[in-house]
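Below: the structure, in structure tokens.
The values are calculated or read from the model by the stated rules, or taken from the named source; none is laboratory data. Bear in mind the structure is a predicted one, so any value in this text is a computation, not a measurement. Note that each Cβ is placed from the backbone with ideal geometry, even for glycine, and that neighbours are counted across all protein chains shown.
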Amino acid sequence: MIRAAIDADAPGIVALIAACWAEYPGCVMDDAEVPELRALGTHYAAKGGRAWVAERDGAIVGLVGVAPLNAGAWEIGKMYVSSGARGTGLAQALLATAEDHARAGCAAELRLWSDTRFTRAHRFYEAASYVSAGPIRALHDVSNSIEFAYAKPVAGCVVRRLDAAGAASAERRLAAILKACVDGGASVSYLPPLDIEVARGFARKTASGVALGGRVLLVAWLDGVLVGSVQLDLATPPNQPHRTELQKLLVLPHVRRRGVARALMLAADAEAVNEGRTLMTLDTRADDAAEPLYRSLGWIEAGRIPGYALNPDGTAHATVLFYRLV
Ligand SMILES: CC(C)(COP(=O)(O)OP(=O)(O)OC[C@H]1O[C@@H](n2cnc3c(N)ncnc32)[C@H](O)[C@@H]1OP(=O)(O)O)[C@@H](O)C(=O)NCCC(=O)NCCS
């Protein structure tokens with residue numbers, strides 16, 4: 001049962017957090033360092049936010065809080081689930097409760113901090129579409145805590161360029177998006193069924209390209225879910241420093257025709273300009289949904305090559321080459 005936290009929950013909350021921290025080396029509970037735990041409901045209410053606990057058989061087995069930070073941004077905190085209640089969907093339910101509350105308070109963005117040791121939590125936040133955002137911080141506490149910053153936009157369709165850390169943290173989401181598109185019949189270098197490990201290899205290579213400065217990665221969130229991406233290859237030959245190739249425009253099948261790809265393409269134009277590129281090129285399977293999209297955005301057809309790539313059924317299909325001056 002998920003309910004609002006009350007101050008009388010303090011002993012159960014301290015026990016839950018202490019048990020979670022004890023799973024990690026050097027991470028120890030000193031409740032003098034976190035006095036807010038003695039009255040967490042009051043603490044969050046004073047900040048204009050709220051905290052919830054999950055109770056099972058009279059014990060506190062889950063916790064989350066959320067409060068506004070500044071105009072538009074809210075911060076998720078105190079996200080803990082006891083080891084016995086993990087893998088049950090409770091953590092997702094708690095996080096969704098906090099996210100819904102922030103959205104109802106007109107949050108545009110959610111942020112959170114996570115100890116660098118909490119690798120399981122990182123995967124959880126990444127699965128919930130958060131990406132690494134900004135530098136780490138040190139708490140100067142008895143646990144010598146160092147924390148990663150995570151964030152995601154939660155309202156409407158938002159496109160952002162990810163840096164190398166952001167791209168690495170989006171690896172699993174990007175792999176899932178590529179797999180959903182390829183398995184749904186998209187012609188983007190791979191054939192279905194796409195092995196998720198191969199998809200993760202693609203996402204890792206993308207992050208590495210971003211880290212090396214040879215690639216721009218843009219991702220799109222729709223109402224807080226990371227649903228699409230597009231890339232610009234900057235590693236063009238020495239005689240083409242003014243050109244960039246747009247690659248891997250991908251949008252999850254169930255959110256198509258809602259303007260996500262259009263938003264990604266407009267952001268890609270801006271990033272090409274930002275990178276000093278004046279000529280953009282791409283290729284796409286003839287007759288795909290992407291073809292009218294590119295035409296509607298002013299891309300010019302340079303020609304088509306028959307039998308360029310294979311369809312999932314083994315037949316060959318034509319590819320259309322497009323370019324655009326920005
Ligand atoms: C191509 C793709 C990225 C489009 O994503 P999307 O988010 O659905 O596109 P948008 O909603 O932004 O569409 C913008 C415009 O593109 C055109 N368009 C998009 N899908 C279309 C379709 N199935 N049929 C006709 N036009 C389409 C329309 O002009 C649309 O505007 P409208 O909805 O106002 O009519 C998506 O279908 C996809 O991921 N396909 C698989 C991967 C792929 O083929 N990528 C291209 C590689 S080159």
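Summary of values
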quantity	calculated
Residue satisfying condition, being modelled with pLDDT under 95 and farther than 21 Å from SER145 by Cα, within set ALA85, ALA39, ALA104, ALA71	ALA71
Test for VAL260: is it under 15 Å from ARG160 (Cβ atoms), of a type outside the set (Ser, Thr, Tyr), crowded, with 18+ Cβ neighbours inside 10 Å and in contact (Cβ under 8 Å) with a residue 60 or more places away in the chain	yes
Residues located in segment 34-61, provided they are surrounded by 14 or more Cβ atoms within 10 Å (Cβ to Cβ), farther than 13 Å from LYS78 by Cα and among the acidic types (Asp, Glu)	GLU55
Residue among LEU222, LEU191 that is among the aliphatic types (A, V, I, L, M), in contact (Cβ under 8 Å) with a residue 60 or more places away in the chain and farther than 25 Å from ARG258 by Cα	LEU191
Among the candidates ALA302, ALA316, residue that is surrounded by fewer than 13 Cβ atoms within 10 Å (Cβ to Cβ), within 16 Å of SER189 (Cβ to Cβ), over 22 Å from the mean Cα position of the chain (by Cα) and free of Cβ contacts under 8 Å to residues at least 40 places away in the same chain	ALA316
Residues that are away from the ligand (no atom under 16 Å from the Cβ) and surrounded by fewer than 20 Cβ atoms within 10 Å (Cβ to Cβ), drawn from segment 180-208	ASP195, ILE196, GLU197, VAL198, ARG200, GLY201, ARG204, LYS205, SER208
Yes/no for SER208 being of a type in the set (S, T, N, Q) and farther than 30 Å from ALA102 by Cα	yes
Subset of segment 216-256 [among the basic types (Lys, Arg) and within 16 Å of the ligand (Cβ to nearest atom)]	LYS248, ARG256
Scope segment 130-175; condition among the acidic types (Asp, Glu) and either within 20 Å of ALA71 (Cβ to Cβ) or outside the structural domain of GLY259 (by TED's automatic domain parsing) (or both); matching residues	ASP141, GLU147
